[in-house]
1. Where in region 221-322 are there helices (runs of 4 or more DSSP H), lying fully within it, with 2 or more residues that are surrounded by fewer than 16 Cβ atoms within 10 Å (Cβ to Cβ) and of a type in the set (D, E, K, R)?
2. Being modelled with pLDDT of 90 or more, farther than 20 Å from I17 by Cα and either within 24 Å of the chain's Cα centre (by Cα) or away from the ligand (no atom under 16 Å from the Cβ) (or both) narrows it down to one residue among S321, S341; which is it?
3. Can you tell me which of (1) more than 16 Å from the ligand (Cβ to nearest atom); (2) open to solvent by 10 Å² or more (accessible area, probe 1.4 Å) is the one R90 doesn't meet?
4. Test S213 against the criterion of being in contact with a strand residue (DSSP E or B) (Cβ under 7 Å, 6 or more places away or on another chain), assigned to a helix (DSSP H, G or I) and either surrounded by fewer than 21 Cβ atoms within 10 Å (Cβ to Cβ) or of a type outside the set (A, V, I, L, M) (or both), and give yes or no.
5. Select from region 1-47 the residues that are away from the ligand (no atom under 11 Å from the Cβ), among the basic types (K, R) and not in a loop (DSSP other than H, G, I, E, B) and list them in ascending order.
6. In region 68-113, how many are closer than 28 Å to A45 by Cβ and basic (K, R)?
7. Those residues that are in a helix (DSSP H, G or I) and either in contact with a strand residue (DSSP E or B) (Cβ under 9 Å, 6 or more places away or on another chain) or modelled with pLDDT under 95 (or both), I need them from region 150-190; list them, please.
Amino acid sequence: MADTKVYRASTTAPVNIAVVKYWGKRDAKLNLPTNSSLSVTLSQADLRTLTTASCSASYTEDDSLMLNGELSDISGARAQACFRELRARRAALEAADSALPKLSAMPLKLVSENNFPTAAGLASSAAGFAALVQAIANLYELADSPAQLSLVARQGSGSACRSLFGGYVAWRMGDKADGSDSVADLVAPASHWPNMKALILVVSAAKKGVSSSSGMQQTVATSGLFQQRITQIVPANMKTMEEAIKAKDFATFAEVTMRDSNSFHACCADTYPPIFYMNDVSRAAIRAVESINAEAGKTIAAYTFDAGPNCVVYYLQEDESAILGAFTGVLTGVSGWKEGSAAAKSSVKL
Ligand code: 2P0
């Protein structure tokens, strides 16, 4: 009798926010970066993607993805590369054991939901591709480690390779042409530094003007500063950041985080024509962090900005009241800051 069973597996994946930023590809097809990067994983209680993958010989349509209730286009080369890689790994298992059901030949149905507004401009592609890859890997009962799956997720979206772990995660750029050494690894689990927290200041929920993929390639092609960033600044920041995380040295962690964000946005401004992701409210948030640190007489807060105006502030639990109080005081009255709105301010436990 034909196998009409529906096979199903679910998983969640977290959002990560880089403290040493990925910006630039040396191979756009394989999503190979021009530099290593390092991120902090946010708590799944606050921000995560939940994905269910199923497959069945009874499914009559092609592979499909429902994202937050809407059919999503998965015909692009990046999603297709993930499906192809995962199917090949499943097919290898099936070839070795003829008793296994032939899942690799069945259409896939993916249903994915974020527990945060996708429109909030937060990094959703990282959690999205990580959850997609992990859910299919679970469905196919692959024995691959998170590092091995990071090779697949990377091809969906570069930053996604850092969302297959919790805690502090490095993406090693590698130097092989086939990308087999461009892989993520765990620098430290979240439990290593449990009092680390993040505050997300949603400055704008609007979709960004220049996508990361095209923005970074414009930077690679036109920015002189960028050459210094990838050859000197990032290698030094990676080293110092890893040491700071291992030593739980917040002041150094914070300084490298802020300097690396500044360096990334300076390269964006040095792109021709220039790319501006931060706005006046973003800059007000930087000034607020500076005054918090000046008032404290030491560095207790670190800002960082991705390819958009929203600010993420890292701080330690013991400094929470100083941080939250100061932000309320400084940002009230700044045009664009939506005090009291749930989406505008959320404190995230890591
Ligand atoms: C990062 N960003 O390290 C940096 C900081 C944005 C600024 O990773 O083209 O969406 O899918 O590989 O991963 C955004 O880039 O780009 C990003 P693709 P991705 O988090």
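The values are calculated or read from the model by the stated rules, or taken from the named source; none is laboratory data. Keep in mind it's a predicted model, so treat the numbers as computed, not measured. Here the Cβ positions follow ideal geometry from the backbone for every residue, glycine too, while neighbour counts run over all protein chains shown. Ligands, DNA and RNA are excluded from the accessible area calculation, which covers all protein heavy atoms including side chains. Shrake-Rupley method; radii C 1.70, N 1.55, O 1.52, S 1.80 Å.
1. Counting at least 2 such residues, we get 234-247, 280-296.
2. S321
3. (2)
4. No.
5. The answer is R8, R26.
6. Summing the residues that are closer than 28 Å to A45 by Cβ and basic (K, R) in region 68-113 gives 1.
7. Scanning region 150-190 gives S150, L151, A153, R154, G158, S159, A160, C161, R162, S163, A190.
Here's the yes/no breakdown for (1) of a type in the set (A, V, I, L, M); (2) more than 30 Å from F250 (Cα to Cα); (3) in contact (Cβ under 8 Å) with a residue 60 or more places away in the chain:
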position: N195; (1), (2), (3): no, no, yes
position: G215; (1), (2), (3): no, yes, yes
position: S223; (1), (2), (3): no, yes, no
position: I230; (1), (2), (3): yes, no, yes
